[in-house]
Amino acid sequence: MDDLYREVIIEHYKNPSHRGKLDPHDISFADNNPLCGDHIQIDLRLDADGFVADARFDGHGCAISQASADLLVESIIGKSLEEVKKLNKESVLELLGIDLGPVRLKCALLSLKVLKAGVYGLGEASDELVE
């Protein structure tokens, strides 16, 4: 089963369906993983009712960080900001479908940290956002 999920990760890394920037956007936030240099920016466009109408990510980094961002962005389209705020580490790990060690876990959770910092309107992202 892990092989299937690894293929999904490689596919989202090589051919991300939600890479890019939104202009205009309602929410935008970016951050880095200082341990490895991965960088993620997430832009959201909301509809009149406060649901995510469109979302994109941009950045660079390892296959895990980039695939995680693509999968996460894909999963939030159509959700309310309240639903997005409830996402946690397990949400991202379920999307990826594989067990990760501590270093790769930080890569995988960068997009969630960026997303939640943007949704909460924070000036700075924090690891506490992903718990």
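Read the figures in this text as sums done on the coordinates, not as results from a lab. From a predicted model like this one, the values you see are computed outputs, not experimental measurements. No Cβ is skipped: glycine too gets one built from the backbone with ideal geometry, and neighbour counts run over all protein chains shown.
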*Determine, for Ser28, Ser80, Ser65, the number of other Cβ atoms within 10 Å of each Cβ, and report the residues in order from fewest to most.*
Ser80, Ser28, Ser65
*Glu124 versus Val103, label points 7 Å from Cα toward the beta carbon: distance in nm?*
2.7
*So which DSSP H runs in the chain come out at 24 Å plus along the axis (Cα) with average Kyte-Doolittle of at least 1.0?*
102-119
*For the charge dipole of the range 35-77, defined by +1 on Lys and Arg C-beta atoms and -1 on Asp and Glu C-beta atoms about the Cα centroid, which residue among Gln41, Ile76, His60 has the Cα displaced farthest towards the positive pole?*
His60
*Rough spin-label spacing in nm, given labels placed 7 Å along Cα→Cβ, for Asp26 and Val8*: 2.8
*Convex hull volume of the Cα atoms in the chain, per residue, in Å³?*
96
_Total charge dipole magnitude, the chain, about the Cα centre, Cβ charges on Lys, Arg, Asp, Glu only, Debye to nearest 20_ = 220
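Would you work out the relative contact order for the chain, in percent, from Cα pairs under 8 angstrom that are 6 or more residues apart? Before the final figure, lay out the partial values.
Working: 236 pairs, mean separation 33.5, N = 131.
Dividing the mean separation by the residue count of the chain yields 26 percent.
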*When a footprinting reagent is the concern and you count Cβ atoms within 10 Å, what order do Asp26, Asp47, Asp38 take, fewest first?*
Asp47, Asp26, Asp38
